[in-house]
């Protein structure tokens, strides 16, 4: 590649010292980048036009080459893609339905701020160790398989037990409804209290007619 022609005359003699410290790195390799020619001066030093092994061009500060900058960004994108698609259920940062159900299962059991935590983690229901942690979803997928269309995760045969292999199944809405906890008077009172609180909030905010 041929660098553009530029004038080498220094207009301000006071800046001569700065120009004498210029470092020519043309042709040198920095990770996946090869320096081509200077692209100008920035606040923090000289910028260089570099060609990447992937075929793209990029501009980077000389001080960052080989340190913070080793490619045009292709390496970072490749690593990110590997992390998000290692199990094939998160593509373009959008999780699959099976992955969403697994995430919500953990939230109900472990996150006190989850809207349904009281009925799950608050009652002592947990997700087994195998389905948690770095490889939790991969293990969950190996044990349960993909979510069939129209089904959701159900604890069965022990509806009061934990989320674990042997006590979970993919169930239809009808099966889920038949496997619900019996509604107790206390449960009814909680629902009634929740409705009254919602009505009170609406009245305070002037949303009721």
For this session: Assuming R0 = 45 Å, can you tell me the calculated FRET efficiency for the pair residue 143 and residue 54, based on Cβ-Cβ distance, to the nearest 0.05?
Result: 0.70
Seminar exercise, completed: Applying the gyration tensor rule to the Cα atoms of the stretch 24-66 (axes a ≥ b ≥ c; rounded if a/c under 1.5, else prolate if a/b exceeds b/c, else oblate), the class is prolate
Exercise. Relative contact order of the stretch 96-178: what whole-number percent is it, with Cα pairs under 8 angstrom and at least 6 residues apart?
Worked result: 23 percent
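Find the relative contact order for the stretch 13-76 and round it to a whole percent, using C-alpha pairs within less than 8 Å whose residues are 6+ positions apart. Please list the in-between numbers first.
On the way: 91 pairs, mean separation 15.5, N = 64.
Result for the stretch 13-76 is 24 percent.
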Exercise. Taking neighbour counts of Cβ atoms within 10 Å as a proxy for exposure, in what order, fewest first, do 78, 126 appear?
Worked result: 78, 126
Exercise. Using mean Cβ contacts within 10 Å as the protection proxy, how do 36-46, 63-73 order, highest first?
Worked result: 63-73, 36-46
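Taking 0.36 nm per residue of sequence separation and subtracting the Cα-Cα distance, how much length would be gained by fully extending the chain between residue 178 and residue 96, in nm to one decimal?
Values: separation 82, 0.36 × 82 = 29.52 nm, distance 2.69 nm.
Full-extension gain reported as 26.8 nm.
Using the Cα atoms of the stretch 96-178 to build a convex hull, what is its mean projected area in square nanometres? Spell out each step's value before the answer.
Numbers: hull surface 21.2 nm².
In nm², the orientation-averaged hull projection of the stretch 96-178 is 5.3.
Here, each number is a calculation from the coordinates, and none is a lab measurement. It should be emphasised that the depicted structure is a prediction, and the values quoted were computed from it without experimental measurement. Note that each Cβ is placed from the backbone with ideal geometry, even for glycine, and that neighbours are counted across all protein chains shown.
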